[in-house]
1. Name the strands (runs of 3 or more DSSP E) wholly inside region 147-255 in which the number of residues that are touching a residue at least 24 places away in the same chain (Cβ under 8 Å) and touching a Gly at 6+ places or on another chain (Cβ under 9 Å) is 3 or more.
2. Among the residues of region 157-172, are any under 30 Å from Ser120 (Cβ atoms), open to solvent by less than 40 Å² (accessible area, probe 1.4 Å) and modelled with pLDDT under 95?
3. In region 66-92, what count of residues is obtained for those that are touching a helix residue (DSSP H, G or I) at 6+ places or on another chain (Cβ under 8 Å) and either modelled with pLDDT under 95 or among the acidic types (Asp, Glu) (or both)?
4. Out of Ala117, Ala163, Ala157, Ala124, report the one residue that is at negative phi and in contact with a Pro (Cβ under 6 Å, 6 or more places away or on another chain).
5. What are the residue pairs meeting all of these: first residue in region 59-84, first residue under 16 Å from Pro42 (Cα atoms), second residue in a loop (DSSP other than H, G, I, E, B) and among the aromatic types (Phe, Trp, Tyr), Cβ atoms under 8 Å, and 6 or more apart or on different chains?
6. For region 244-255, check the following and say yes or no: at least one residue is out of contact with any Leu (no Cβ under 6 Å at 6 or more places or on another chain), open to solvent by less than 20 Å² (accessible area, probe 1.4 Å) and aliphatic (A, V, I, L, M).
7. So for region 145-155 (the condition being under 18 Å from the mean Cα position of the chain (by Cα), open to solvent by 50 Å² or more (accessible area, probe 1.4 Å) and assigned by TED's automatic domain parsing to the domain that holds Leu110), does at least one residue qualify?
Amino acid sequence: MNYLLTLAYDGTEYCGFQVQPNGRSVAAAFQDGLEAVLGARPDIKGCSRTDAGVHALGFALNFHADCKIPPFKLPLALNSRLPRDIRVLSARLVPEDFHARYAAHTKTYLYRILNSAIDSPFDARYYHRIPGRLDTDRMAKAAAGFVGRHDFLALCASGSSAAAHGDTVRTITDCTVTRKGDRVEILVTADGYLYNMVRILAGTLCEVGAGRMDPGAIGGILASRDRGRAGPTLPAKGLFLHHVSYDLPEEETRG
């Protein structure tokens, strides 16, 4: 049977989702828990390759296994064997040919900013702090310039395999900026992303919010395909994979 799971995790102590030779990954930690519950270590297919330090609120993965535990009981069973910074939120059965990465219609990322001169003693590992006041109205106007099908090479860090192969066109369907007190949230939905694309997009919007860049400059930046014209790459700790959208039928919670 093919299982689709939704996970939330704190990426601070991990080298990213995908298994790496030089550090502890979310995938390896999850597979350890999976093996403890199932007595086997099936291959898992993640919806994305989140980088070191990036968090997830709704990360999707799937695996094939002969499991006697009902899907609705699987989260509790796995969570009892997983580290405290990884939690399974839900589990369900999906068609045999379902793949968490290739079946995704869109992925939504959230970037969190604390716009304050004073840091928080509680959750500093979950946002990037910018002390100078950001004009979120300007940022929202600029964000609209990213929406649509564009070549996003200007928002791609060096070392990207997609850039090396000339595969840098993506479609952003939504990009918003909201303020909640001292918290500024950037939410981006797209059919795919380039290496560090959201962190560079967020850095560009912050340049607009700080008054160092015009809101109307986004079109020219994208057309230039020049990474040097976009803003800085913001730190990984403010980035969350928010959720992944699939076209799947409704399923009864307890079958």
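1. 169-180, 239-245
2. The answer is yes, given that some residue of region 157-172 is under 30 Å from Ser120 (Cβ atoms), open to solvent by less than 40 Å² (accessible area, probe 1.4 Å) and modelled with pLDDT under 95.
3. Qualifying residue count, region 66-92: 2.
4. Result of the check over Ala117, Ala163, Ala157, Ala124: Ala117.
5. Ala60/Tyr246; Asn62/Phe98
6. no
7. yes
The values are calculated or read from the model by the stated rules, or taken from the named source; none is laboratory data. Source: prediction; values computed, not measured. Here Cβ is always computed from backbone atoms with ideal geometry, including for glycine, and neighbour counts include all displayed protein chains. Note: areas computed on protein heavy atoms with side chains; ligands, DNA, RNA excluded. Shrake-Rupley method; radii C 1.70, N 1.55, O 1.52, S 1.80 Å.
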